[in-house]
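Read through the structure below, which is laid out as structure tokens, and then see the notes.
Since every read-out is calculated from the coordinates, none of them should be taken as a lab result. Everything quoted here is computed from the prediction, not taken from an experiment. Cβ placement follows ideal geometry from the backbone for every residue including glycine, while neighbour counts extend to all protein chains displayed.
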Amino acid sequence: MFDYQRFFLDNGLEVIVHEDSSSKIAVFNMLYKVGSRFEQPGKTGLAHFFEHLMFGSSAHVPEFDRELERVGGSCNAFTSPDITNYYMTLPSSNLETAFWLESDRMAHLSLTEKTIETQRKVVLEEYKQRYLSPPYGDVWHHLRKLAYTSHPYRWPTIGENLGDIEGYTREMIWEFYQEHYHPGNAILVVAGDVTQKEVARLAQKWFGPIPSKSRKTLQIASEPTQTEKRNLAIQAKVPTDALYKTFKMPAKGTEGYLEADLLSDLLGGGKSSPLEQQLVKNGKIFASVGAYITGSVDPGLLVFSGKMEQGVGAKEAEAALDALLKEFSQKEISDSSLQKIKNQSEAMKTYESIQLLNRAMNLAYYAHLGDPALYWQEFEEKASCQAEQLSTWAKRLLQEDQASVLYYQSTTS
């Protein structure tokens, strides 16, 4: 566990300070509580598009990256279904530059026609290069739409289709900026060779004058309870068939979430896992296979995915996977196998905490969930999970009526 201090400005900005004098750098992490789950049909991909716009110019900053590089800093960002996160790393002696840059684009972003059109071309090209051109690139476009019928998780973060991105108007973009980019919808974490006193002073100086805005209560469509298995087969010019099988799972922070996370590790975590040993090493069907969870704020997905050996069909692979999952659900989980997974989880958490940026991001993310302390609370709850508990949840989660299956079939086979 690492120390932090937390306070709020009058305009609603949440500020968290993590002091670490062992490093001479500072991390400046700004999380906005907006991702693709806050979008509407026909306007999908706006959160990701806005991530690109934020690296353009603002009223007093002609070029964001250049001004940061001048003081020895670097930056990046990412958008997920639940949040958009911006971060900078720079010498702690130049910390105020980060406050200046971030506050200026929060309050005075230049949404000129030229900037919008330039970034529109960039995002359209990204869409084509990452999701349309590569083999299996559009998997999650199909899989999300299959697994979700109402919730906005049914489209990927980059957007549901090219038409949505092409259709953004300046008015839509401006409305999105006004609604989501303000102090009351943001969490700032400053970490490294900094002091709480100095961060408080700079936060008040640069963000204090930015007015707060009333947050609209957005009604996010709930996903109806799934009552039967869903299947989709698509054909494409890919090297081999691939299988993607998902099961509905609880939301982050609710009962069953940590059990689903542990189950994915137990089944597919590493070379000694059942998936790897039975389906890859000692089988002739899967060339590769794995398990993971989407880890989302609203109910997400427990995912099993793999690529087949040449000439093997995805439906044949599903039968082999189903047999393994059935056997796993009927057997008792050994304490030794569970402890091994817990040890790996603890090692990963220790490794992650070495990086200052990881600490800052985790503080921001769990503050977004309600309290930074949830980061450690979640780990402690995960470490206390018992084998019997996991066996019960395996039977509850691995139900065919909760499954959505994508058969990605090679047209060359």
Q | Between 0 and 90°, nearest 10: helix 257-268 axis offset from the chain longest Cα axis | A | 60 degrees
Q) Pairing the Cα long axis of helix 314-330 with the longest principal axis of the chain, what angle in degrees results, from 0 to 90 and rounded to the nearest 10? A) 90 degrees
Q) If the cut-off is a Cα-Cα distance under 23 Å, which lysines reach LYS315, setting aside same-chain residues fewer than 8 apart in sequence? A) LYS145, LYS229, LYS237, LYS245, LYS248, LYS281, LYS284, LYS307, LYS326, LYS395
**Q.** Proximal charge balance of GLU380 [Cβ under 12 Å; K/R count +1, D/E count -1]
**A.** 0
Q | Percent antiparallel among DSSP beta bridges (both partners in the chain, rounded to 5) | A | 80 percent
(Q) Can you compute the helix-only [θ] at 222 nm over the chain? Use -39500 (n - 2.57) per DSSP H run of at least 4 residues, normalise by all residues, nearest 500 deg cm²/dmol. (A) -12000 deg cm²/dmol
Q) Can you give me the pair-distance distribution of region 72-201, C-alpha pairs, 5 Å bins, whole percents? A) 2, 8, 14, 17, 18, 15, 12, 9, 5, 2, 0
Q: Find out how many positive minus negative residues lie around LYS237, taking Lys and Arg as positive, Asp and Glu as negative, among other residues whose Cβ is under 15 Å from that of LYS237.
A: -1
(Q) When a/c reaches 1.5 or more, the comparison of a/b and b/c decides; with that in mind, is region 177-225 rounded, prolate or oblate per its Cα gyration tensor? (A) oblate
Q.
Could you check the spin-label model distance between TRP100 and ASN358? Points 7 Å from the Cα along Cα→Cβ, value in nm.
A. 3.3 nm
Q) So if R0 is 30 Å, what FRET efficiency would ALA221 and ASP3 give, r being the distance between their Cβ atoms, rounded to the nearest 0.05? A) 0.15
Q) How far apart, in nm, are two points set 7 Å out from the Cα along the Cα-to-Cβ line at SER334 and at GLU381? A) 2.9 nm
Q. Taking the highest mean first, how do the peptides 334-340, 274-280, 222-228 order by number of other beta carbon atoms within 10 angstrom per residue?
A. 274-280, 334-340, 222-228
Q) Classify region 110-179: rounded, prolate or oblate, from the alpha-carbon gyration tensor (a ≥ b ≥ c, eigenvalue square roots; a/c under 1.5 rounded; otherwise prolate if a/b is larger than b/c)? A) oblate
Q) Which value in Å does the Kirkwood hydrodynamic radius of the chain take, with 1/r averaged over all unlike C-alpha pairs and then inverted? A) 23.2 Å
Q) Could you work out Rg/(2.2 N^0.38 Å) for region 230-410, with Rg from alpha carbons only? A) 1.09
Q.
Quick check: residue separation of THR254 and GLU171 times 0.36 nm, minus the Cα distance between them. What number comes out in nm?
A. 26.1 nm
Q. For LYS271, LYS326, what ranking results if the residue with the fewest other Cβ atoms within 10 Å of its Cβ goes first?
A. LYS271, LYS326
Q. What does the charge add up to near TYR86, with Lys and Arg as +1, Asp and Glu as -1, over the other residues with Cβ less than 11 Å from its Cβ?
A. -1
Q.
Between helix 387-397 and the chain, what is the angle of the helix's C-alpha long axis to the longest principal axis, kept within 0 to 90° and rounded to the nearest 10?
A. 90 degrees
Q) How much length, in nm to one decimal, is gained on full extension between ASP401 and ALA373, taken as 0.36 nm per residue of separation minus their Cα-Cα distance? A) 6.5 nm
